[in-house]
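The values are calculated or read from the model by the stated rules, or taken from the named source; none is laboratory data. From a predicted model like this one, the values you see are computed outputs, not experimental measurements. Cβ placement follows ideal geometry from the backbone for every residue including glycine, while neighbour counts extend to all protein chains displayed.
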């Protein structure tokens, strides 16, 4: 199994260069916001290990929000972020990007502070690499190659079922499966279907993952006396803050929403990003650092097979601190349109959203960090609309495929390759196709 | 466990429903008034339009015995409210979707499936020529002509210019393809006795009043945003106070949004396609059509039903044909996953079936419960209900006649109307995520078998498929479904409460 990694490059945009950068990024698209996989600056489609990628200008739409705490507005210069999720090592991807697209990347990053023609591009990008506080991958170890091979398998089997369904239907389940296996075997021999075995799991990753699996509960266990001592103070502080923290939830400007909506729904999947201030003070910061640490652990070891909590529509996501941890952004790639994504969030994982996002300035009021908040549907949507950023360039390696499709295609393959299945299992398997 | 209970003290707290202030269509379908006509108007003279509106005998929702022989309802587009002189500060209180309009943004058209042959550029009304007013008239056949004449006298002629006079026809409770229609409806909690749970473990048709009317708590227990005014903006105290903000005036209270879509149905194309496919599917054309709809032509759901599927206290108000869930057909053997009624209302609770103990619930909430692939893909149907009030138009064409050679000739179809308090979360969600989605419930390359626009999506060549499960697991897939339904016009309207209507007609 070859696990995925994420790459994140962030650099401040040089003064006076933002508009020009926007225009340049727009040239990479085939439709507004939607990348041309063969664009000359960074032909994403040529990187066979790349799942999703984006360029986004991180420019806080709510710079004045700290004023509700009586604090002065901090104006952070806009930052260019490049994000990618890939199979295998992100270092290797970075090196490949530089090797193949040096000119394009140079022209993009030349809009950033501290970049000049004399810089070594790879060094410069490495220096500007940032690590997310937590990251989520829908299915750890499912590679782009596997996704494409399995999509082709589904296409072939689907066409076979369309053509032969009637004859197959009278057969017993075991015979149906046998015939499908024979068909796939023939397709493989003819070279029309290729199903490569999964690549070996890198030893280093395996060790690090195991250490992480053990170390974090161990640290928690050792720290538990302290945590228990802290708990009453934590709860007292939490309640004090929850009852006093101001909400900042004006109706979003329709124009702001329209600008972003114009970029959405070009594919069955959409990119998403929200950015905002953390509530000031050490209490919220320490809380969110601790919780993201737990979330990252959960994503690594528990939610690594098709769903984050109950939400099954997210391909990749990350939570990132920026501007000296005064601000945070959440970026994801989700299936469906924004309204259904938000509704899924609210109806299925409101508690999880509250845990993290309620540490952001202006969030709808929560109780005990879990209750309320996102379950105030309209306020929560206003909060998200207000903090959402347009994504200037977005690429996905497998247009038209949802995370459900990817899971279904993998299950199809599993059923073809397994040594045996019961009649009941076969029926359930066929029902997915 | 977490199942809604129905109690009386809420009713005591809030008083009786304000039927005299609610336009009747929110409560009645006026089924006995089989003649109806929808006028789309623009205001030609503001003072005269106000005068007509002040005097219009708009019907309220009070039940009468015998039922009235006529009815009149009035709704406004955002352009209409502007034409009436509503100031921007008040207008901004309406929802973003209403302000933008059904055809106002390309992104919205994309989400609603209004692309290709459905795109607003091809519409007869609603895109280029946007109406100000939607005036709905209903009557018994005997009274209809006279009723229209009474309403559309010389004042009407001077006050308005008529964009469209959309006729309807009585097809005896069937839509033009021949199916009994209008069965699945939410039942509104007029008496306000429903006590919401955070997590509803059972599907119910009984629905919070705030999903229908503005000014009341919705399924989240919250008040949907609407224009709420300072008392100074209502010097004659025409408007009621807002329940959630007593020192203000609620322009939305007892009002709702009307979604109007003018849909042309190609009945010949529908039955001829089915006749051609019937042999390969080993079914009759009618059986195929029934699988696409998810009901028999007489309206019975294809899923087996059991007692206690849906909250029993709703029984007196509805037929058993609305009294089922798909929990007994999780594999789509009886009713295909992509059938129209399964898309339009999947009848799911907030958690998958069988989440019945506290421990299971916790495990399920954390997303750790073992489950089958489709078990939790679509949840919480209660936030996406609409009240349908459509009427057919054109002459009925039986399935037998439709199979005779010939071109469609006369237009027929549905004047689709629905009422909801939150257009984005109700109508638009249903249309986008359920009806038009080619990925609904884990399906592939298929949108709604009746309403789908058959437009290809990125990465896939077609969307004109429809899968039937044969029971043994091997699907039968119809391919190349033509487009049976085309959008000919549409718009979003605000249907005010009657006090709000007075307010709009007097001053804004």
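In this structure, residue B:409 does not qualify as away from every other protein chain (no Cβ under 12 Å) and under 24 Å from residue B:185 (Cβ atoms).
Restricting the range B:437-451 to residues that are modelled with pLDDT under 95 and under 23 Å from residue B:387 (Cβ atoms) leaves a set whose member that is nearest to the other protein chains (Cβ to nearest Cβ) is B:437. Listed conditions (1) within 9 Å of chain A (Cβ to nearest Cβ); (2) in a loop (DSSP other than H, G, I, E, B); (3) touching a helix residue (DSSP H, G or I) at 6+ places or on another chain (Cβ under 7 Å); (4) touching a residue at least 60 places away in the same chain (Cβ under 8 Å) are all met by residue B:432, apart from (2). Out of all the residues in the range A:418-425, is one or more surrounded by 21 or more Cβ atoms within 10 Å (Cβ to Cβ), within 13 Å of chain B (Cβ to nearest Cβ) and either under 17 Å from the mean Cα position of the chain (by Cα) or part of a helix (DSSP H, G or I) (or both)? No, the range A:418-425 contains no residue that is surrounded by 21 or more Cβ atoms within 10 Å (Cβ to Cβ), within 13 Å of chain B (Cβ to nearest Cβ) and either under 17 Å from the mean Cα position of the chain (by Cα) or part of a helix (DSSP H, G or I) (or both). Among the residues making up the range B:462-476, those that are surrounded by fewer than 19 Cβ atoms within 10 Å (Cβ to Cβ) and either at pLDDT 95 or above or farther than 30 Å from residue B:97 by Cα (or both) are B:470, B:471, B:472. Of all residues in the range B:120-175, none satisfies the criterion of being surrounded by fewer than 19 Cβ atoms within 10 Å (Cβ to Cβ), closer than 30 Å to residue B:452 by Cα and touching a helix residue (DSSP H, G or I) at 6+ places or on another chain (Cβ under 6 Å). Within the range B:333-346, the set of residues being closer than 12 Å to residue B:440 by Cβ, within 14 Å of chain A (Cβ to nearest Cβ) and in contact with a strand residue (DSSP E or B) (Cβ under 9 Å, 6 or more places away or on another chain) comprises B:336, B:337, B:338.
Checked against the criterion of being facing chain A (nearest Cβ under 9 Å), buried (at least 21 other Cβ atoms within 10 Å of the Cβ) and either in a strand (DSSP E or B) or in contact (Cβ under 8 Å) with a residue 24 or more places away in the chain (or both), the candidates B:425, B:415, B:385 yield just one match: B:425. If residue A:369 satisfies all but one of (1) touching a strand residue (DSSP E or B) at 6+ places or on another chain (Cβ under 7 Å); (2) more than 13 Å from chain B (Cβ to nearest Cβ); (3) more than 30 Å from residue A:48 (Cβ to Cβ), what's the number of the condition it fails? With respect to (1) touching a strand residue (DSSP E or B) at 6+ places or on another chain (Cβ under 7 Å); (2) more than 13 Å from chain B (Cβ to nearest Cβ); (3) more than 30 Å from residue A:48 (Cβ to Cβ), residue A:369 is out only on (1). When the range A:73-107 is filtered for residues that are within 18 Å of residue A:132 (Cβ to Cβ) and assigned to a helix (DSSP H, G or I), the ones remaining, listed by number, are A:90, A:91, A:93, A:94.
Only one of these is surrounded by fewer than 21 Cβ atoms within 10 Å (Cβ to Cβ) and closer than 30 Å to residue B:225 by Cα: B:365, B:395. Name it. After ruling out the rest, the residue left standing is B:365. Taken over the range A:331-359, the criterion of being touching a helix residue (DSSP H, G or I) at 6+ places or on another chain (Cβ under 8 Å) and either assigned to a loop (DSSP other than H, G, I, E, B) or away from chain B (no Cβ under 11 Å) (or both) is satisfied by A:334, A:336, A:337, A:345, A:353, A:354, A:355, A:356, A:357, A:358, A:359. Where residues in the range A:172-193 are closer than 16 Å to residue A:428 by Cα and part of a helix (DSSP H, G or I), which of them is farthest from the other protein chains (Cβ to nearest Cβ)? Per the criteria, the residue is A:178. Just the residues that are within 13 Å of chain A (Cβ to nearest Cβ) and either assigned to a loop (DSSP other than H, G, I, E, B) or in contact with a helix residue (DSSP H, G or I) (Cβ under 7 Å, 6 or more places away or on another chain) (or both), please, taken from the range B:347-364. Result: B:348, B:349, B:350, B:351, B:352, B:355. The single residue among A:364, A:399 that is part of a loop (DSSP other than H, G, I, E, B), within 30 Å of residue A:128 (Cβ to Cβ), within 14 Å of chain B (Cβ to nearest Cβ) and in contact (Cβ under 8 Å) with a residue 24 or more places away in the chain turns out to be A:399. Please tell me if residue B:378 is at the interface with chain A (Cβ under 10 Å from one of its Cβ atoms), in contact (Cβ under 8 Å) with a residue 60 or more places away in the chain and part of a loop (DSSP other than H, G, I, E, B). Judged against the criteria, residue B:378 is a match. Among the residues of the range A:143-168, the one identified as buried (at least 20 other Cβ atoms within 10 Å of the Cβ), out of contact with any strand residue (DSSP E or B) (no Cβ under 8 Å at 6 or more places or on another chain) and more than 14 Å from chain B (Cβ to nearest Cβ) is A:146. Considering only residues in the range A:252-291 that are within 20 Å of the chain's Cα centre (by Cα) and in a strand (DSSP E or B), the one that is nearest to the other protein chains (Cβ to nearest Cβ) turns out to be A:269.
One residue alone among A:26, A:53, A:81 is modelled with pLDDT of 95 or more, exposed (fewer than 14 other Cβ atoms within 10 Å of the Cβ) and farther than 23 Å from residue A:249 by Cα, and that residue is A:26.
The sole residue among B:251, B:239, B:213 that is under 18 Å from residue B:96 (Cβ atoms) and away from chain A (no Cβ under 14 Å) is B:251.
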